[in-house]
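The values are calculated or read from the model by the stated rules, or taken from the named source; none is laboratory data. Note that the coordinates shown come from a computational prediction; the quantities given were computed from them, not determined experimentally. Methodologically, a virtual Cβ is constructed for each residue, glycine included, from the backbone with ideal geometry; neighbour enumeration extends over all protein chains shown. The protein model used for the area step is the full one, side chains on, heavy atoms only, and it has no ligands, DNA or RNA in it. Shrake-Rupley method; radii C 1.70, N 1.55, O 1.52, S 1.80 Å.
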Amino acid sequence: MTLFMKTLAAIAVTSLLAGAAFAQSTVVNVENEPAPGLTVLPPLPGPLAQGVVFIPYRLENLRIIPVGGAAARDISPRVGHLHITLDDLPWQWADYGGSNTVILVGLPRGEHKLRIEAVDPEGRPHVARTIAFTVPNPK
C-alpha cells in the first residue's frame with residue numbers, strides 16, 4: 001500500500017471515530033427512542049393574503065423517508081411519513097417529502113381545517129395536529 005493510500009485510510013478512520021463521539025448513529029438502533037413530536041404553525045400571512053396556503057410544521061424524533069411496510073417498522077432512528085386530511089374529507093394523501101411545509105393552492109375562500117398525522121411505515125398514527133384557517137377574499 002502506498003503512503004498516500006495509508007494516509008487516506010488513517011484520515012477516514014479518524015473521521016469515523018471522531019464523528020461517533022459527537023453524533024447519534026443513523027445505522028445503529030437507538031435504545032428507548034423518545035416519542036415523535038409534531039408542531040404545526042399557522043399559515044404564513046403573506047401568501048395566505050394571495051390565496052396560497054403555506055402551513056409550516058416541525059417533526060421531532062421521526063424521519064420522513066419513502067419506505068413502508070412491516071420491514072421498515074424496526075428502522076432506527078424511527079422513520080415514517082405524513083397523512084394529510086383537508087376539511088374532514090373522506091380521503092387523505094400521504095407526504096413522503098419531508099419539506100416541513102404543506103402547500104395548498106386553489107382552495108375556495110372561507111374556513112378550512114387541515115389535519116396532519118405523523119405515522120409509522122404501516123400508516124399507524126404516532127401524533128396528529130389539526131389547524132383551522134381562513135382563506136380570505138382575493139385582493
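Structure data summary
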| quantity | calculated |
| --- | --- |
| Yes/no for P66 being under 23 Å from P42 (Cβ atoms) and not in a strand (DSSP E or B) | no |
| Subset of the range 89-105 (residues that are over 19 Å from L38 (Cβ atoms) and either outside any loop (DSSP other than H, G, I, E, B) or in contact (Cβ under 8 Å) with a residue 24 or more places away in the chain (or both)) | V105 |
| Complete set of residues in the range 80-139 that are of a type in the set (S, T, N, Q) and farther than 18 Å from P66 by Cβ | T85, T130, T134, N137 |
| Number of the exception - A35 against (1) surrounded by fewer than 10 Cβ atoms within 10 Å (Cβ to Cβ); (2) at pLDDT 60 or above | (1) |
| Any hit, the range 62-75, residues being modelled with pLDDT of 90 or more, open to solvent by 40 Å² or more (accessible area, probe 1.4 Å) and closer than 18 Å to R129 by Cα | yes |
| Selection status of I84, within 21 Å of P43 (Cβ to Cβ) and at pLDDT below 95 | no |
| Cβ pairs under 7 Å, 6+ apart, first in the range 43-64 and of a type outside the set (K, R), second open to solvent by less than 30 Å² (accessible area, probe 1.4 Å) and in a loop (DSSP other than H, G, I, E, B) | V53/P43; F54/P43; I55/P43; L59/P36; E60/P36; N61/P36; L62/P36 |
| Cross-chain or 6+ apart pairs with Cβ under 7 Å, the range 114-139 first and more than 21 Å from E60 (Cβ to Cβ) and in contact (Cβ under 8 Å) with a residue 24 or more places away in the chain, then charged (D, E, K, R) and part of a loop (DSSP other than H, G, I, E, B) | V135/R109; P136/R109; N137/R109 |
| Single unsatisfied condition, V53 versus (1) touching a helix residue (DSSP H, G or I) at 6+ places or on another chain (Cβ under 9 Å); (2) open to solvent by 20 Å² or more (accessible area, probe 1.4 Å); (3) assigned to a strand (DSSP E or B) | (2) |
| Of all residues in the range 104-135 being acidic (D, E) and open to solvent by less than 60 Å² (accessible area, probe 1.4 Å), the one that is farthest from W93 (Cα to Cα) | D120 |
| Residue within the range 86-94 that is more than 23 Å from N137 (Cα to Cα) and surrounded by 12 or more Cβ atoms within 10 Å (Cβ to Cβ) present | yes |
| Selection count, the range 113-127, where residues are in contact with a Ser or Thr (Cβ under 9 Å, 6 or more places away or on another chain) and within 12 Å of H83 (Cα to Cα) | 4 |
